[in-house]
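Taking it in order: structure first as structure tokens, then the write-up.
The values are calculated or read from the model by the stated rules, or taken from the named source; none is laboratory data. Treat the numbers as computed from the prediction; the structure is a model and nothing was measured. Every residue, glycine among them, receives a Cβ derived from its backbone with ideal geometry; neighbour counts consider all protein chains shown. In case anyone asks, the SASA skips ligands and DNA or RNA and just uses the protein heavy atoms, side chains included. Shrake-Rupley method; radii C 1.70, N 1.55, O 1.52, S 1.80 Å.
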Amino acid sequence: SGGGSGGPSEGFDVARLGDARVALIGFPSVGKSTLQCKLTGTESEAAAYEFTTLTCIPGTMHYKGSKVQVLDLPGIIEGAAHGKGRGKEVIACARNADAILIVLDAGKEGLNRHREILEIELETVGIRLNERPPDVTFTKKAGGGVRFASTVPLTKLGPDPAKLATSIMREYRIMSADLLAREDISVDQLVDVIVGNRVYKPCCYFYNKIDTITVEEVDQLARMPHSLVGSVAKKYNIADPLEDDPLKAMIWNYLGLTRIYTKRKGTQPDLNEPVVLSAIRKGTTVMALCQNISTQMLRDFNFAMVWGKSAKHSPQRCGVNHPLQDEDVVQIVTKTNSQQRQDKNYQSMVQGFSDKYHKKKFDAKKKKQGKLRR
């Protein structure tokens, strides 16, 4: 998510670390850097003047055994979607995050409508906040024209939805495609499906500096959807980095993280280091757990024994598509040698291991001969 024509922007190419990533978005001087310091313990420059943060500062929030990467981004201004104030680089980082935390100044929100402005800027570049992708299947074809079908009545697309969909596709120079709608979608949702470059992000709003407004105004902001009020300076609804508080709990819920404890046969589960799965990334199934631990485990998977909320009885024998819930205990049982031999890919797998072993042995011998010649 680097810069534009002016060359690369230092601090914006941040390596993805941890179980999830949250981007802090907000206007200048609303307290993002101080908030990140309280969440992660990372020291970021904070001052009373605007545009204190000029690059992306990463930090790690430790909560419930998970590691969440928190990005402190430079403040953006109205018109950021069109490049004002390095807005394109900031929004590019937001597109790559798993969730967005919009930080607002409670004292300025009543007059300036910062929340509405930021939502418009993010929507302009194709970021949909707290929405799910429409249940629509769209497939482009080489020929055959447009075929439109739906499984439910479409009340938001006018009297002739097929004609409207065809005209929208022609605006985007799509002459042949299949479109199947399984829900009552709007025109905007139809355009999003046809364009295809939209991203859907969970987003929560934190109104900072509530100590500067009246109780009635605090109550009004607290009733806004997806919102939490607080004060970083006064420690309202936010505590020190390693302490529990409502803001960390809200971020955890919006990220959809799930802690899974693993165990070996005949031993107690390891409750100190859970495997953290993300519903946004790979999902929270047994398959996602195996992929998180080892691809070889998924290849040799036989069945899983599950204890916890997701199990109908303890233990329950499950397959790879079983959905897991928070704090489940899972024991993975792999195939025996005789079961692996019956696999149709067994011979090619053995040949692959053999080729890798002999190549490694040959490279070591060649390296040794090269040292002796010296």
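Quick grid of which residues meet (1) farther than 16 Å from ILE127 by Cβ; (2) crowded, with 23+ Cβ neighbours inside 10 Å; (3) of a type outside the set (Asp, Glu):
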| position | (1), (2), (3) |
| --- | --- |
| ILE77 | yes, no, yes |
| LYS84 | yes, no, yes |
| ILE91 | no, yes, yes |
| VAL103 | yes, yes, yes |
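Residues in segment 200-223 that are without any contact (Cβ under 8 Å) to a residue 60 or more places away in the chain and either over 19 Å from GLU116 (Cβ atoms) or under 23 Å from the mean Cα position of the chain (by Cα) (or both): ASP211, THR214, VAL215, GLU216, ASP219.
Residues that are open to solvent by less than 50 Å² (accessible area, probe 1.4 Å), of a type in the set (D, E, K, R) and either within 24 Å of LYS209 (Cα to Cα) or touching an Asp or Glu at 6+ places or on another chain (Cβ under 6 Å) (or both) do occur in segment 110-126, at least one of them. When you scan segment 317-339, do you find a residue that is part of a helix (DSSP H, G or I), in contact (Cβ under 8 Å) with a residue 24 or more places away in the chain and over 18 Å from GLN291 (Cβ atoms), even just one? Checked segment 317-339: at least one residue is part of a helix (DSSP H, G or I), in contact (Cβ under 8 Å) with a residue 24 or more places away in the chain and over 18 Å from GLN291 (Cβ atoms). Of the strands (runs of 3 or more DSSP E) lying entirely inside segment 193-307, those containing at least 1 residues that are surrounded by 13 or more Cβ atoms within 10 Å (Cβ to Cβ), at pLDDT 90 or above and among the aromatic types (Phe, Trp, Tyr) span 199-201, 203-208, 257-262, 301-307. Does LEU71 satisfy being at pLDDT 90 or above and either in a helix (DSSP H, G or I) or open to solvent by 60 Å² or more (accessible area, probe 1.4 Å) (or both)? For LEU71, the condition - at pLDDT 90 or above and either in a helix (DSSP H, G or I) or open to solvent by 60 Å² or more (accessible area, probe 1.4 Å) (or both) - is not met. Residues considered: SER294, SER310. Of these, the only one that is in contact with a Pro (Cβ under 9 Å, 6 or more places away or on another chain) and without any contact (Cβ under 8 Å) to a residue 24 or more places away in the chain is SER310. Among the residues of segment 141-177, those identified as touching a strand residue (DSSP E or B) at 6+ places or on another chain (Cβ under 7 Å), over 16 Å from ASP192 (Cβ atoms) and surrounded by 13 or more Cβ atoms within 10 Å (Cβ to Cβ) are LYS141, VAL146, ARG147, PHE148, SER150, ALA162, THR166, SER176. In the set ALA94, ALA81, only one residue is outside any loop (DSSP other than H, G, I, E, B), modelled with pLDDT under 80 and in contact with a Lys or Arg (Cβ under 9 Å, 6 or more places away or on another chain); that residue is ALA81.
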